[in-house]
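The values are calculated or read from the model by the stated rules, or taken from the named source; none is laboratory data. Predicted model, so just to flag it, every value in this text is computed and none were measured. Using ideal geometry, Cβ is built from the backbone for each residue, glycine included, and neighbour counts are taken over all protein chains shown. For accessibility, only protein heavy atoms count, side chains too; no ligands or nucleic acids. Shrake-Rupley method; radii C 1.70, N 1.55, O 1.52, S 1.80 Å.
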Amino acid sequence: MGFGQNDVQTLYALGRQAKENGENAKAIQYFEELYDKTNQDPYYNELIELYALEEQYDDAEKIIKKRIRSFSDRPELLVDRGHIYELQKDERQAEKYYKEAIDEVENNEQKARQVANQFVKYNRYDFAEKTYLKVRSSAKNNQLFRFELATAYAQQGKTEEMVEEYLNVLAGNRGYIQTIQNLFQRVLHPDPEGIQMENLKNQLLRRIQKNPEQEVFSELLIWLYIQDRNFTGALLQAKALDRRANENGKRIYSLGELSLANNEYSVAEEAFNYVISYGDENPYYLNSRMKLVEVLKAKVTSDLNYTTEDLEKLRKTYANTISDLRKSAFTLSLIRGEAELYAYYLDSISTAISILEEAVLIPGISKQEKAKIKIDLADLMLLSGETWEASLLYSQVEKDFKYDRLGEIAKFKNAKIAFYVGDFYWSQAQLDVLKGSTSKLIANDAMELSLLITDNVGLDSISEPLEMYARADLSIFKKNYSAAEATLDSIPKYFPATSLKDDILLTKYKIEFKKKNYELAAKYLKQLLADYAEDILGDNALFYLAKLNEEQLDNKEEAMELYKRLLTTYPASLFVVESRKRFRNLRGDKLEEEIN
């Protein structure tokens, strides 16, 4: 009878199953029959692996020698033979066959790749390196195997050589810059002492000094400074590149935005002033003027110890900039920022309302922008106690943008108003609709508030504690933290059996976080976890505490432990995906990048 495809598939399946079950002797029988019948590479490779596992080195060598005689033009088979000797601790014989394999490659790129891949299979990156270099030398072509050789260097810990190979790739083709950045981000981490990053920086500086016209190295150095959060160094390098390449501030403007987003206010201020110095004909002039005001506002308001003089300086900056640039749809963000300054920092809600009421009449603004102004106005109405007017404005936006995120924001804010005034059932009805929001933030906030109402309003509950809690929440919205804290403290005093104790601790954490009292904020979260870890807010507290340690308290190890604890203790938590991502990032994991 013949040996057909069905026989091959059956034997292969039986061989794989036996191998997976650890029945190597049985697997060898199946693959020996397959190999005898087909003489194909996959079954040969399975046999070599199985013989090695079972230490049947004579059988392995016998099959390898026979295959070498049949395929004398395949030097990678010599690597297999050397590997079998290496497994037997015979380094001399192993290296003999490894070198013979490399010698037979000569300047044949295809054979070199096959031989090098076989070395990589056995983790002999040193011999893979020798293979690549041999062909380079024979072919007199230093462009060959750039990525492969860099990988071989990386696997051997030869960081300096690896960096040089990747930089040589860029020297020949700047189009690889994103690929190289991704690779550096992966292979240079973890680097706790910064040695590898320092090596890369030094190599880049040498190349920039030697060949300043190759702008790609300056771009990579800017990227490197940003990775290291050295925004000052990035700006210095970006200015030099801007002048050499006549970029008219384009890169500087982007760096200013990035610095602002990372709270590097001095660097952002310097960057935007640099762009402004090009004059009002520059395409980034107007945006830079507005961004500069945003930077100054962030500098003042991020420090809770700002003075009256700080606020007055900021007020004048807003007024002068709006006067220079004029009120228009383009400067609307500036106008809204000025209104916020008056309402929340200068204690002049009426002025803020006047500014926004004028803004909504500016010609040319979109419906979306008008809706945003209405939401701003509604917030101010709520601040000043005009609850009905605030609700009316939110309802208008909700109606006009029923299927848009703006409408969902307005609907959530209206639900909060109902919560503030004690209309808990109507509030919950709106929140239940918002649980299906496409915005993760709105959906989560709606779910949390809905659960709060469910847990504290019912047949066996009294509403007074929740009404007090809602008043405290409104005080927080008004930034009246002392009133909020006083109300929160009075709830367990008057209602000792209240189920709001964990919510109160979480809210106190949020207040202290807003006030930048991070140690006290952490204390409230730890108390919540100590007393109420089994309750519904346990995973919230654990996630916030982990994030607090990661971002504010600079305790990465503790953050990792807390994220890990959340993953194991609360596997169904909404914070699992984000916690896993943050844990892996702190551990130094990087997604594998494919190089085409």
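Summary of values
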{"quantity": "Per residue, in Å², the accessible surface of the chain once ligands and nucleic acids are set aside, probe 1.4 Å", "calculated": "53 Å²"}
{"quantity": "Rg to Rh, two decimals, where region 381-428 supplies the alpha carbon set and Rh follows Kirkwood", "calculated": "0.98"}
{"quantity": "Helix-derived mean residue ellipticity, 222 nm - over the chain, DSSP H n ≥ 4, -39500 (n - 2.57), to 500", "calculated": "-24000 deg cm²/dmol"}
{"quantity": "Calculated diffusion of region 250-398, Stokes-Einstein form, Kirkwood radius summed over Cα pairs, 25 °C and 0.890 mPa s, µm²/s", "calculated": "150 µm²/s"}
{"quantity": "Kirkwood Rh in Å, taken over region 251-311 so that all alpha-carbon pairs contribute", "calculated": "11.7 Å"}
{"quantity": "Principal axis dimensions, largest first and in whole angstrom, of the chain by Cα", "calculated": "94, 68, 44"}
{"quantity": "Region 335-424: trypsin sites (Lys or Arg not before Pro) falling in loop per DSSP and having at most 13 other Cβ within 10 Å", "calculated": "K402"}
{"quantity": "Förster radius 22 Å - calculated FRET efficiency between A483 and N517, Cβ distance, rounded to 0.05", "calculated": "0.80"}
{"quantity": "Given charges at Cβ of Lys, Arg, Asp, Glu: region 228-340 dipole, positive-most of N248, N320, S288", "calculated": "N248"}
{"quantity": "Cα centroid of region 278-294 to Cα centroid of region 565-579, whole Å", "calculated": "44 Å"}
{"quantity": "Cα gyration tensor category, rounded, prolate or oblate, for region 122-209 with a/c compared to 1.5", "calculated": "oblate"}
{"quantity": "Residue-by-residue Karplus 3J(HN,Hα) for region 292-306, coefficients 6.51, -1.76, 1.60, Hz, glycine and proline x", "calculated": "4, 5, 4, 5, 4, 5, 4, 4, 6, 7, 6, 9, 5, 9, 4"}
{"quantity": "For region 569-582, 3J(HN,Hα) per residue [Karplus equation, 6.51 cos²θ - 1.76 cosθ + 1.60, θ = phi - 60°, Hz, x = Gly/Pro]", "calculated": "7, 10, x, 9, 5, 5, 8, 4, 4, 5, 5, 5, 4, 5"}
{"quantity": "Globularity ratio of region 1-91, using Cα Rg and 2.2 N^0.38 Å", "calculated": "1.11"}
{"quantity": "Region 374-529 - convex hull of alpha carbons, volume per residue in Å³", "calculated": "118 Å³"}
{"quantity": "Length added when fully stretched, E389-K581, from 0.36 nm per residue minus Cα-Cα", "calculated": "64.8 nm"}
{"quantity": "Portion, in percent, of the accessible area of region 7-97 that falls on carbon or sulfur, probe 1.4 Å", "calculated": "42 percent"}
{"quantity": "In region 102-167, the trypsin sites (Lys or Arg not before Pro) that fall in loop regions by DSSP, at most 10 other Cβ within 10 Å", "calculated": "K140"}
{"quantity": "Inter-label distance, nm, simple model (7 Å from Cα along the C-beta direction), Q17/K399", "calculated": "6.9 nm"}
{"quantity": "For region 180-249, convex hull volume per residue from C-alpha positions, Å³", "calculated": "83 Å³"}
{"quantity": "Separation of the S302 and D280 label points, Cα + 7 Å toward Cβ, nm", "calculated": "3.0 nm"}
{"quantity": "Within region 174-213: backbone nitrogen closer than 15 Å to the D228 label point (7 Å, Cα to C-beta)", "calculated": "185, 188-189, 191-208"}
